[in-house]
């Protein structure tokens with residue numbers, strides 16, 4: 001994933017709110033912090049952010065309210081014009097696009113889902129899902145066919161003629177997801193899509209979302225303030241504070257090696273064993289030959305707990321999806337993660 005050309009590339013991106021922000025940024029002193037900028041009468045919604053998102057990756061952007069996570073995502077889709085830096089989508093600088101080019105890019109490449117469902121109350125599920133296709137000018141037969149396809153995909157088959165008021169919150173969010181998928185986007189932006197849902201429905205929607213991602217393989221930018229949600233969903237997590245990214249890495253590496261004190265506070269209540277996977281701890285197999293049952297590289301240490309306690313082998317062969325041994329897991333190191341170091 002990380003060796004491919006990025007689908008979205010952000011380089012030294014700034015988004016300042018205030019009077020004449022471009023002029024202010026041009027004369028900004030080096031090492032001027034968030035508080036200094038605020039004292040000058042500006043808000044750094046995004047502060048010198050550089051990050052790439054690769055094809056098929058799910059990047060979760062998280063942080064507390066006001067950290068800049070939603071602002072960064074909106075800059076990526078050019079819902080906000082940036083103050084400085086460069087954002088490229090498939091190698092094209094989105095700030096160079098005119099209005100027509102921007103509309104075409106959003107229609108052909110991008111799907112968006114927000115916390116508020118934004119459904120049209122006097123239109124049925126089918127009509128809500130088909131709406132972006134109608135705006136695109138697609139004929140009625142084709143847009144109905146595509147809408148029915150994605151309605152089935154999100155598990156709402158049989159409710160095509162329901163109105164939003166006749167659906168639960170989780171079902172309404174599924175309509176929003178189906179609507180965004182109708183245009184077959186390459187890039188999917190989701191801004192806290194499940195935060196308004198009850199915990200049980202939220203968990204079900206996360207499961208559904210993971211199923212869809214496994215099926216469709218979209219490039220996804222997902223915004224949340226919930227670290228547990230980020231750990232469940234993300235290929236990588238970008239943790240933001242005061243408009244800047246504090247750390248961007250895989251969930252297990254963030255939990256095991258927080259880059260800053262702020263990130264450490266985010267992770268201190270997390271059970272490391274349910275995040276860290278065998279592939280994170282494994283060492284190269286070298287020329288050694290280890291016999292016996294293998295452990296799955298993707299399995300968490302928590303999932304391997306019974307094996308680690310009952311099987312007294314010093315090392316375990318770690319296998320990938322094809323069953324090929326790709327490394328060695330040291331039992332004691334894994335037990336230290338599971339139980340805490342002695």
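Of note:
- Checking the stated criteria, residue 181 turns out to be touching a helix residue (DSSP H, G or I) at 6+ places or on another chain (Cβ under 7 Å), touching a residue at least 40 places away in the same chain (Cβ under 8 Å), crowded, with 16+ Cβ neighbours inside 10 Å and under 22 Å from residue 218 (Cα atoms).
- When region 234-253 is filtered for residues that are out of contact with any strand residue (DSSP E or B) (no Cβ under 6 Å at 6 or more places or on another chain) and surrounded by 21 or more Cβ atoms within 10 Å (Cβ to Cβ), only 240 remains.
- Among residues of region 309-342, those that are over 19 Å from residue 252 (Cα atoms) and outside any loop (DSSP other than H, G, I, E, B), counted: 6
- When 90, 52, 48, 36 are checked against the criterion of being assigned by TED's automatic domain parsing to the domain that holds residue 234 and without any contact (Cβ under 8 Å) to a residue 24 or more places away in the chain, a single residue qualifies: 36.
- Set 304, 308: member being out of contact with any strand residue (DSSP E or B) (no Cβ under 7 Å at 6 or more places or on another chain), assigned by TED's automatic domain parsing to the domain that holds residue 277 and modelled with pLDDT of 90 or more: 308
- Count of region 58-107 residues which are touching a strand residue (DSSP E or B) at 6+ places or on another chain (Cβ under 6 Å) and within 22 Å of residue 216 (Cα to Cα): 8
- The one condition from (1) at pLDDT 95 or above; (2) under 23 Å from residue 213 (Cα atoms); (3) out of contact with any helix residue (DSSP H, G or I) (no Cβ under 7 Å at 6 or more places or on another chain) that residue 50 does not meet is (2).
- For residue 263, the conditions (1) in the same structural domain as residue 47 (by TED's automatic domain parsing); (2) touching a helix residue (DSSP H, G or I) at 6+ places or on another chain (Cβ under 6 Å) are fulfilled apart from (2).
- Highlighted here are the helices (runs of 4 or more DSSP H) found entirely within region 1-98 that include at least 1 residues which are surrounded by fewer than 18 Cβ atoms within 10 Å (Cβ to Cβ): 21-26, 34-39.
- Flag if residue 278 is in contact with a helix residue (DSSP H, G or I) (Cβ under 7 Å, 6 or more places away or on another chain) and touching a residue at least 24 places away in the same chain (Cβ under 8 Å): no
- Some residue of region 129-146 being touching a residue at least 40 places away in the same chain (Cβ under 8 Å) and assigned to a loop (DSSP other than H, G, I, E, B): no
The values are calculated or read from the model by the stated rules, or taken from the named source; none is laboratory data. Here the structure is a predicted model, which means the values were calculated and not measured. A quick note on method: Cβ atoms are made from the backbone with ideal geometry, for glycine too, and the neighbour counts reach across all protein chains shown.
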